[in-house]
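Everything below concerns the one structure shown next.
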Ligand SMILES: [Zn+2]
């Protein structure tokens, strides 16, 4: 894990051809059906995961460094991230309010955060969150990834939940907070936030439940997609309607998919010095 702790930039099995087409496309707008409201409109080109979530992953020259595990592809830089025309201006505006709130939550004034140590590890308790806004933002990321045609998000398919969550977003309705909750983890390496890691979203199974794992910044967001209620000890960890949320702190060396990916890259000689 030495390479992870030296601040090297690591990223991932990303779909590089997508980035090439992204760079070569124009900014012309055209009429198509909005993925959320289904109305014809001039769709905006926007990020599935908002740019601010990638912010910590830019280097000093403001480049987003992407490494591929594909031996044929050299390491590449990309400044724009992945964008797609999905939403009409009205829906874009609707979602952007929750984005702005969440950006301020993590990168602005924020809310009180209390570190709490337990025998099983440390977590951060965030309190005073606007539960509705943050919950709708969390759902909007998952929903956008599910409707996206970009192959970076190919593993995310909500099936029947896609429409249900889309309807909630349209109605600005956070719904039942136990439905598709999102568990938050902070990745650290040598005691510091590991903010240079990005990984393709993946479908994972956990205790007979399906989940989707997103990694950005120094965080892992793990959505549980199931009709079953989570056990009480887990329910304490995701966002409550009252606005408290816990972030579990994980050492990168203890997170198996991070460790395995680093080993893969190292063996392929793709980790930068
Ligand atoms: Zn719309």
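The values are calculated or read from the model by the stated rules, or taken from the named source; none is laboratory data. Remember, predicted model here, so these are calculated numbers, not experimental data. Note that each Cβ is placed from the backbone with ideal geometry, even for glycine, and that neighbours are counted across all protein chains shown.
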task: Quickly run through the stretch 73-93 and pick out the residues that are modelled with pLDDT of 50 or more, part of a loop (DSSP other than H, G, I, E, B) and more than 16 Å from the ligand (Cβ to nearest atom).
output: 80, 81, 82
Residue that is nearest to the ligand (Cβ to nearest atom), among those in the stretch 112-140 that are in a loop (DSSP other than H, G, I, E, B) and touching a residue at least 40 places away in the same chain (Cβ under 8 Å): 130
message: Restricting to the stretch 94-105, and then to whatever is within 16 Å of the ligand (Cβ to nearest atom) and more than 17 Å from residue 33 (Cβ to Cβ), can you tell me which residue is nearest to the chain's Cα centre (by Cα)?
response: 99
message: So if I check each of 166, 175, 159, which one is under 19 Å from residue 50 (Cα atoms), more than 13 Å from the chain's Cα centre (by Cα) and modelled with pLDDT of 90 or more?
response: 166
statement: From the option list 265, 248, 239, 271, single residue qualifying as modelled with pLDDT under 80 and outside any helix (DSSP H, G or I) is 271
message: Every residue in the stretch 113-128 that is surrounded by 10 or more Cβ atoms within 10 Å (Cβ to Cβ) and either touching a strand residue (DSSP E or B) at 6+ places or on another chain (Cβ under 9 Å) or within 10 Å of residue 246 (Cβ to Cβ) (or both), please.
response: 113, 114, 115, 116, 121, 122, 123, 124, 125, 126, 127
query: Looking at 179, 216, which is the one that is touching a helix residue (DSSP H, G or I) at 6+ places or on another chain (Cβ under 6 Å) and farther than 23 Å from residue 90 by Cα?
result: 216
- request: Considering every residue within the stretch 28-43, establish whether at least one is more than 14 Å from the ligand (Cβ to nearest atom), within 29 Å of residue 133 (Cβ to Cβ) and either at pLDDT 95 or above or in contact with a helix residue (DSSP H, G or I) (Cβ under 8 Å, 6 or more places away or on another chain) (or both).
  value: no
message: Please determine whether any residue of the stretch 151-161 is at negative phi, out of contact with any helix residue (DSSP H, G or I) (no Cβ under 9 Å at 6 or more places or on another chain) and in a helix (DSSP H, G or I).
response: yes
message: Go through the stretch 201-222 and report how many residues are outside any strand (DSSP E or B) and in contact with a strand residue (DSSP E or B) (Cβ under 7 Å, 6 or more places away or on another chain).
response: 1
